[in-house]
Amino acid sequence: MGITYKKLWKLLIDRDMLKKDLREGCDLSTASMAKLAKGRNINTDVLVRVCNFLRCDISDICEVILDDDETEPPQQ
């Protein structure tokens, strides 16, 4: 299972914003920005700050990607 932030990047494009604007507006470290860019796990506090800055819901900026073997619920 992984996470993608493609929705975040699209939202920035739609709002004519740069990653730099996001970093400065949310007071994000370069390490946090790098994690977002690489689709790595990041602290929920960072995601909440991004949502507050962009005035959006968390589902507007990220999406969970299931592994192929995780697409069906486990058998009991």
Study note, to complete from the structure: With the 8 Å Cα cutoff and a minimum separation of six or more residues, the chain has a relative contact order in percent of 51 percent
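Restricting to DSSP H runs of at least four residues, report the calculated mean residue ellipticity at 222 nm for the chain, -39500 (n - 2.57) per run over all residues, nearest 500 deg cm²/dmol.
The per-residue figure over the chain is -14000 deg cm²/dmol.
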Practice item. Show the residues, 5+ positions off or on another chain, whose built amide H is closer than 5 Å to the amide H of Ile3. Key: Ile65
Check your understanding: Taking Cα atoms of segment 2-69, Rg/Rh with Kirkwood Rh, to two decimals?
Key -> 0.95
**Study point:** Förster-model FRET efficiency, 25 Å R0, Lys6 and Val48, C-beta, rounded to 0.05
**Key:** 0.85
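Rule-based calculations on the coordinates, nothing more; no lab input. Quantities reported herein were computed from a predicted structural model and do not represent experimental measurements. Here Cβ is always computed from backbone atoms with ideal geometry, including for glycine, and neighbour counts include all displayed protein chains.
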